[in-house]
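Below is one structure; the comments refer to it alone.
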C-alpha cells in the first residue's frame, strides 16, 4: 500500500491515516518537514490505518501544517475487538463496544445486545455511520468471552492483529494433500541435477528447547588444506510452497508467524512448518544452502549457493550445545568448538566494522494449566545463541552481496528483496544525545549525524549498569525501523552494505521471496519490471504485517505482566524509573520488567513538578529529585487487566 501520493489536485493527497492520542490524525506528505496534523473534528469518517484522501488547509504562520479528511478510499478495519460497556446517552442507557485498539478513537454503539453481555469481550462490525460527529452503529458478530480471562484475551490479541489460528479449509486441504504426496515430491527433488547432496557431512540444528519448527541447520567439515567448509542450510520452503497456489496466498496475507506468550500462530500449516519443511533430526530434508569455505582466521575464501539434500545428525537446544562447550566434552564437541572459534572472530569483525550491539533482555513466563503466570524471568542469552546468529547474519549478508555481484557481472538489475535500515533521523539523534547527557553519559554527534561506533561505545559503557536497558531502549527508539524493500540502501544497524532475510522462510514471507529470487538469479532467469513492482508491494505488505505481529506479541507480554503483578497488590518491589511525564513517572519492576505508573499526586510528603529538560521530577519543599534511570522502591496499588495497566506508589 502506498504511504502517500498526489491525488490529482495540487493540495490533496492520498495516504494512510495515523490516529494518536485523543483522536488526532497525522499523515506524511512530500515536501512537508512534519506529518500533516488532522484535528479530531476534521477526521470525518477516517479511522487509524484507513487509506484516505486529505486536503491541505492554508498555512498559518508559526503553526504545524494542518489538513482534513475529504474521503475514505479504503477502510482498514472490517471488525473491531473490544469490551461491551454501558453508558447513559441523553435520558437512556445504551450499550457500546470500546475497542481494545486505543488508536480507534470511536466507540461502536450496539442496539441489539442484552445487558448480560456487559463486561464481555466481543467482535463487532459497523453497520451504519452517517454522522461523523457521533459514534457509529454496529452489531456484535462474535462473543469471545469474559474480559480478563486468559483465552479470551489471547484470542482478542490474535483477532485484533488481523491474524487467525486456523487456516481456511482450502489451505488446510492443500497442505494435507501435499503431505500425503511427500515421498513423490521428495523423490522428484532428488533427481534434480542442480541439487547438491550434503547427507554425508556432519550437520545439526541448535534452537530453543521448546522449538517445533527447525528452519536452519549448520554443517561443518575440515578440509585437507586446513580450511573449513561451513554450510548454512535453510528449509527449502520454496520447493513445496509455489507462487499462485492457495498456501502461498495465505502465507502472503499472514506475512509472518506470531509468537505469543503461550502459543505460536504459524505462517504455514503445521504439516509444513513442523514436519515437511522442518529440518528434523535423522530425517532427509530439502534445503536451500549457503556453503562457505572459511579459513581458520574466519576469512571467507569461497562460496556456493543452491538447493541441497541434508540429514541432520543431532538436534541441540541452545543449552545442550552450550553445556558441551562448557564441559569440554559431549556430542560433536570438536565441531562445536571449531564453529564457536570461527563465530567469535566473525562477531568481533562485525562489531569492528560498526555493527551495533542492540541485544535486549527478553521476558518469558511460566504458565500454569489455566494460562496464569506463576513465574516471570528474563531469558538468558547463551553464547551458542550468538554463534547461530553470527552464521545466520553471514548467510544473509553474503546472499544479498552475491546477488548484487552476480547481477553486475551479467549486466542485469539486482532484483531482490532486501532488509534495509536507514540512517537515523538527525532530530531524533540530537534528542537522544540530550537524553543520554541527562543520565550522565555522552554520545558524540555532529548536527544529528552519529557514527555507529560511537553508539557501540556508549552501549559498552553502560553494560551492567542499572540504566543499561533504559539507554538501549531509548537508542533503539531513536533509530529508523528496519523494513523490507526491493530498493537497497544498506543496513545501518548492522553496518552491512547489502543485507536480506534468507534464513527463516518457515516463519517469514520475505525469506521465501528471497529464496525464489535467488533461484531465478542462479538460473539466469529474467525478472521483469512488473514482477519487481509485485515484489515491492509484497515487501511493503510484509513490513506492515511484521509491525502487527510485534504489536500482538508485546500486547500478550503486557497482559501477562499485569496478570502476574495482580496477586501482589500491596507488596513492595525494586524498580527503575523508565519514563518521566507531567502527570507521573513510569517504573519498571526488575524481575518481570512489568512497567507501571506512579502518579505525581500519589507521592507523599511533597508536591512534585516535572523538569522536562532534566528528565526528572523535583519536590518543591524538600528538593528531592527522582531522575530517569534511578533505582526506586515501590508498592503495587492496582492491576487493570482490561486496560493492561499497572498503578504503583513510591515507598518513601
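The values are calculated or read from the model by the stated rules, or taken from the named source; none is laboratory data. Since this is a predicted model, take the numbers as computed values, not measurements. Note: ideal-geometry Cβ built from the backbone for every residue, glycine included; neighbour counts use all protein chains shown.
Odds and ends about this structure:
- In the condition set (1) touching a helix residue (DSSP H, G or I) at 6+ places or on another chain (Cβ under 6 Å); (2) not in a strand (DSSP E or B), residue 220 is compliant with all but (2).
- Residue selected from segment 244-259 under the condition at pLDDT 95 or above and in a loop (DSSP other than H, G, I, E, B), by the criterion surrounded by the fewest Cβ atoms within 10 Å (Cβ to Cβ): 245
- Only one of the listed residues (431, 390) is in contact with a helix residue (DSSP H, G or I) (Cβ under 8 Å, 6 or more places away or on another chain) and under 28 Å from residue 503 (Cα atoms). That residue is 390.
The rows are residues; the columns are (1) over 22 Å from the mean Cα position of the chain (by Cα); (2) surrounded by fewer than 18 Cβ atoms within 10 Å (Cβ to Cβ); (3) free of Cβ contacts under 8 Å to residues at least 12 places away in the same chain; (4) more than 30 Å from residue 529 (Cβ to Cβ).
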{"site": "468", "(1), (2), (3), (4)": "no, yes, yes, yes"}
{"site": "489", "(1), (2), (3), (4)": "no, yes, no, no"}
{"site": "492", "(1), (2), (3), (4)": "no, no, no, no"}
{"site": "495", "(1), (2), (3), (4)": "no, no, no, yes"}
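- Any hit, segment 325-338, residues being in contact (Cβ under 8 Å) with a residue 40 or more places away in the chain and assigned to a strand (DSSP E or B): no
- Enumerated strands (runs of 3 or more DSSP E) restricted to segment 55-122, each holding at least 2 residues that are under 17 Å from residue 142 (Cα atoms): 80-89, 92-99, 108-110
- Residue within segment 354-366 that is in contact with a helix residue (DSSP H, G or I) (Cβ under 6 Å, 6 or more places away or on another chain) and at pLDDT 95 or above present: no
- Lone unmet requirement of (1) in a loop (DSSP other than H, G, I, E, B); (2) over 28 Å from residue 340 (Cα atoms) for residue 464: (2)
- Checked against the criterion of being assigned by TED's automatic domain parsing to the domain that holds residue 312, at pLDDT 95 or above and more than 26 Å from the chain's Cα centre (by Cα), the candidates 206, 201, 185 yield just one match: 201.
Quick grid of which residues meet (1) in contact with a strand residue (DSSP E or B) (Cβ under 8 Å, 6 or more places away or on another chain); (2) more than 18 Å from residue 628 (Cβ to Cβ):
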position: 439; (1), (2): yes, no
position: 448; (1), (2): no, yes
position: 465; (1), (2): no, no
position: 478; (1), (2): no, no
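- None of 344, 350 is under 25 Å from the mean Cα position of the chain (by Cα) and more than 30 Å from residue 526 (Cβ to Cβ) except 350.
- Counted residues, segment 296-331 - those being on the phi > 0 side of the Ramachandran plot and crowded, with 18+ Cβ neighbours inside 10 Å: 1
- Flag if residue 509 is modelled with pLDDT of 95 or more, in contact with a strand residue (DSSP E or B) (Cβ under 9 Å, 6 or more places away or on another chain) and not assigned by TED's automatic domain parsing to the domain that holds residue 391: no
- Considering 176, 209, 182, the condition of being within 25 Å of residue 390 (Cβ to Cβ) and touching a helix residue (DSSP H, G or I) at 6+ places or on another chain (Cβ under 8 Å) is satisfied by 209 alone.
- Residue among 289, 273, 278 that alone is more than 30 Å from residue 558 (Cβ to Cβ), under 31 Å from the mean Cα position of the chain (by Cα) and not in a strand (DSSP E or B): 278
- Which listed residue is buried (at least 16 other Cβ atoms within 10 Å of the Cβ), under 31 Å from the mean Cα position of the chain (by Cα) and either in contact (Cβ under 8 Å) with a residue 40 or more places away in the chain or on the phi > 0 side of the Ramachandran plot (or both), from 642, 649: 642
- Pairs where the first residue, in segment 411-439, is surrounded by fewer than 17 Cβ atoms within 10 Å (Cβ to Cβ) and the second is in a strand (DSSP E or B), C-beta under 7 Å, 6+ apart: 426/449
- Taken together, the residues in segment 292-324 that are over 30 Å from residue 240 (Cα atoms) and outside any strand (DSSP E or B) amount to 11.
- Summed over segment 448-466, residues that are in contact (Cβ under 8 Å) with a residue 40 or more places away in the chain and either in contact with a helix residue (DSSP H, G or I) (Cβ under 6 Å, 6 or more places away or on another chain) or more than 23 Å from residue 591 (Cα to Cα) (or both) total 5.
- Counting only residues that are in a helix (DSSP H, G or I), at pLDDT below 95 and under 27 Å from residue 121 (Cβ atoms), segment 159-182 holds 2 of them.
- Residues of segment 32-54 satisfying the condition of being assigned to a loop (DSSP other than H, G, I, E, B), within 19 Å of residue 11 (Cα to Cα) and free of Cβ contacts under 8 Å to residues at least 40 places away in the same chain: 32, 33, 34, 35, 39, 46
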